[in-house]
Amino acid sequence: MFKGDRIQRGTALTGTLEPGGMIGWVGGIPDKIRAAKREGYHTVLVPRGQLYSAQWNLIELGYQLSIAVREVDTVDDAYRIMTGKSL
């Protein structure tokens, strides 16, 4: 927003902000995806490496809910997806 870039509607991001602009792991992602769907989002960005766990398969959940789930490594990755521009 400071740059004046417009963030595309309908894309949510979950994760922690780590040193160097990395997006870190978080818990409860399936619930966050369900909440995003209820609020009208079409895409959820999650930390890389968290698509699958012993508790969840986020690709399958996304398919069931008709919502895209995409992995991101960094804030720059997320910004590019959310604005179409690089930081």
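The values are calculated or read from the model by the stated rules, or taken from the named source; none is laboratory data. If you're wondering where the values come from, they're calculated on a predicted model, not measured in any experiment. Note: ideal-geometry Cβ built from the backbone for every residue, glycine included; neighbour counts use all protein chains shown. Just so you know, the surface numbers come from the protein's heavy atoms only, side chains and all, with ligands and any DNA or RNA stripped out. Shrake-Rupley method; radii C 1.70, N 1.55, O 1.52, S 1.80 Å.
Which numbered condition in (1) among the β-branched types (Val, Ile, Thr); (2) crowded, with 17+ Cβ neighbours inside 10 Å; (3) out of contact with any His (no Cβ under 7 Å at 6 or more places or on another chain) is the only one that residue 83 fails?
(2)
I need every pair where a residue in the range 69-83 that is among the polar types (S, T, N, Q) has its Cβ under 8 Å from the Cβ of a residue that is part of a helix (DSSP H, G or I), sequence separation at least 6 or different chains.
Listed pairs, sorted by first residue: 74/20; 74/21.
Among the residues of the range 57-74, write down those that are open to solvent by 50 Å² or more (accessible area, probe 1.4 Å) and hydrophobic (A, V, I, L, M, F, W, C).
Listed by number, the list holds a single entry, 59.
What are the residues in the range 17-51 that are farther than 18 Å from residue 7 by Cβ and either over 14 Å from the mean Cα position of the chain (by Cα) or acidic (Asp, Glu) (or both), if any?
Passing the criteria: 18, 19, 20, 31, 38.
So which residues in the range 35-82 are among the polar types (S, T, N, Q), modelled with pLDDT of 95 or more and not in a strand (DSSP E or B)?
Our first condition is that a residue be among the polar types (S, T, N, Q); within the range 35-82, this holds for 43, 50, 53, 55, 57, 64, 66, 74.
With modelled with pLDDT of 95 or more added as a condition, the list becomes 43, 50, 57, 64, 66, 74.
Result: 50, 64, 66.
Within the range 21-54, take every residue that is open to solvent by 50 Å² or more (accessible area, probe 1.4 Å), touching a residue at least 12 places away in the same chain (Cβ under 8 Å) and of a type outside the set (D, E, K, R) and give me the one that is nearest to residue 78 (Cα to Cα).
Across the range 21-54, the extreme among qualifying residues is 22.
Can you name the condition, by its number, that residue 12 falls short on among (1) surrounded by fewer than 16 Cβ atoms within 10 Å (Cβ to Cβ); (2) assigned to a strand (DSSP E or B)?
So residue 12 meets the others, but not (1).
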